[in-house]
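As structure tokens, the structure follows; a few thoughts come after it.
Every read-out reported here was derived from the displayed coordinates using simple, explicitly stated rules and does not represent laboratory data. From a predicted model like this one, the values you see are computed outputs, not experimental measurements. For neighbour counting, all protein chains shown are included, and Cβ atoms are generated from backbone atoms with ideal geometry for every residue, glycine included.
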Amino acid sequence: MTIESRVFPDMDKAFATNLSPSPIVRKAAARAALVGFNDSTHMLLAECFRQFGIEPVPVVSEAAERLRREKFEACVLPLASWTDSETVLEATRGSRSNSRCVIYGVGGSAQDTMRYSRYGINAMFQEPLERPAMLKLVRATRLLVLHEFRRYVRIPVMTEVSIVGDGRRVSATSIEISSGGMSIKTGEDFSSGVNVEISFALMTLPRVNVRGSISWNKPKSLGLRFDSNDERRLKIKTWIDSYLEN
């Protein structure tokens, strides 16, 4: 024990306390740009993303410019009530940093979704916003936002899909897509096992036609399995691999 320690018995303790390591502040694994929302909606969205380790970032002004130059893993914006939505979507998908970020739309009709389908909107928060449904949606898509791609083999993306089969041609909307098949939202009913041919386009993937069959049928949604003998499905696999790598 040093002389100083005998004279000042608390010195060593205080010295050790001063040198104790500072708490490490962990940086969020991903950031989500919340674009064009009022305070109450922003707070509700921010709370949902924070629960899953995603940092919400308010983007109030120069939204398109920020999405062109600043890296975000997700972007959330209103589809129906905001006039600059298309400008921001175009800037986001045209950005080298954000071309593959997860895009969430808020509100809007089915027509709004289809209007912006070429930008590859990944998921929709339905209005009126309800916290349980919002948390469920973020939970379902968080792995894609957090880049944990090995655990996420399906890509949520909304685009118009044409289905030909059972003597009918119908329009539908994609929900999720994988290299082996896709889930589809539609009011039309198809029986399981029915052979169909579908046609759709995805951002950088030009329109592709591929054979498949209905694998499951639920109210207002269908599951479709691509025909393993149809080589055109390889274009879809290549697109998915490229999406995940970027």
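Would you mind ranking E148, E70 by Cβ crowding within 10 Å, fewest neighbours first? Working shown, then result.
Details: E148 11, E70 14.
In order of increasing Cβ crowding within 10 Å: E148, E70.
Taking the Cα centre of region 155-245 as the origin and placing charges on Cβ (Lys, Arg +1; Asp, Glu -1), which of S178, N209, G165 is farthest toward the positive end of the dipole?
Most positive-ward Cα: G165.
With just the Cα atoms defining each centre, how far is region 186-237 from region 29-48? Give it in Å.
Using only Cα atoms, the two centres lie 34 Å from each other.
If you stretched the chain out fully between R118 and N195, how much longer would it get, using 0.36 nm times the residue separation minus the C-alpha to C-alpha distance? Numbers along the way, then the final one.
Details: separation 77, 0.36 × 77 = 27.72 nm, distance 2.68 nm.
In short, 25.0 nm is gained.
Let's see if you can work this out: charge +1 on each Lys and Arg Cβ, -1 on each Asp and Glu Cβ, no other charges. What is the dipole magnitude of the chain about its Cα centre, in debye to the nearest 20? Mind dumping the intermediate values first?
Values: 34 positive and 28 negative charges, 122 e Å.
Roughly 580 debye, rounded to the nearest 20.
May I ask you to derive the relative contact order of the chain, considering only C-alpha pairs under 8 Å and at least 6 residues apart, and to give it as an integer percent?
Values: 431 pairs, mean separation 28.8, N = 246.
After rounding, I find 12 percent.
Relative contact order, percent, of region 155-245 when contacts are C-alpha pairs under 8 Å separated by at least 6 residues? Spell out each step's value before the answer.
Values: 194 pairs, mean separation 22.9, N = 91.
Relative contact order for region 155-245 comes out at 25 percent.
Quick one: order S174, S179 by neighbouring beta-carbon count within 10 Å, fewest to most. If you can, show how the numbers build up before the last one.
Numbers: S174 22, S179 17.
Going from least to most buried by this count: S179, S174.
Could you size up the charge dipole of region 30-151 around its Cα centre, putting +1 on the beta carbon of Lys and Arg and -1 on that of Asp and Glu, and report it in debye to the nearest 20? Each step should come with its number before you reach the end.
Working: 17 positive and 14 negative charges, 133 e Å.
Computed charge dipole of region 30-151: roughly 640 debye.
Kindly count the pairs of lysines across the chain whose alpha carbons are less than 20 Å apart, treating pairs on different chains or eight or more residues apart as eligible. Show your work: numbers first, answer last.
Numbers: K27/K71; K136/K185; K136/K218; K136/K220; K185/K218; K185/K220.
Lysine pairs, 8 or more places apart or on different chains, close enough: 6.
How large is the charge dipole for region 175-246, taken about the Cα centre, if only the Cβ atoms of Lys, Arg (+1) and Asp, Glu (-1) carry charge, to the nearest 20 debye? Present the calculation step by step, with values, prior to reporting the outcome.
Details: 10 positive and 9 negative charges, 18 e Å.
Once rounded to the nearest 20, the dipole reads 80 debye.
Taking other Cβ within 10 Å of each residue's Cβ, how do W216, W239 sort, fewest first?
Working: W216 12, W239 19.
Exposure proxy ranking, most exposed first: W216, W239.
Amide H neighbours of I121 under 5 Å, counting only residues 5+ apart in sequence or on other chains, H built in-plane at 1.01 Å?
M158
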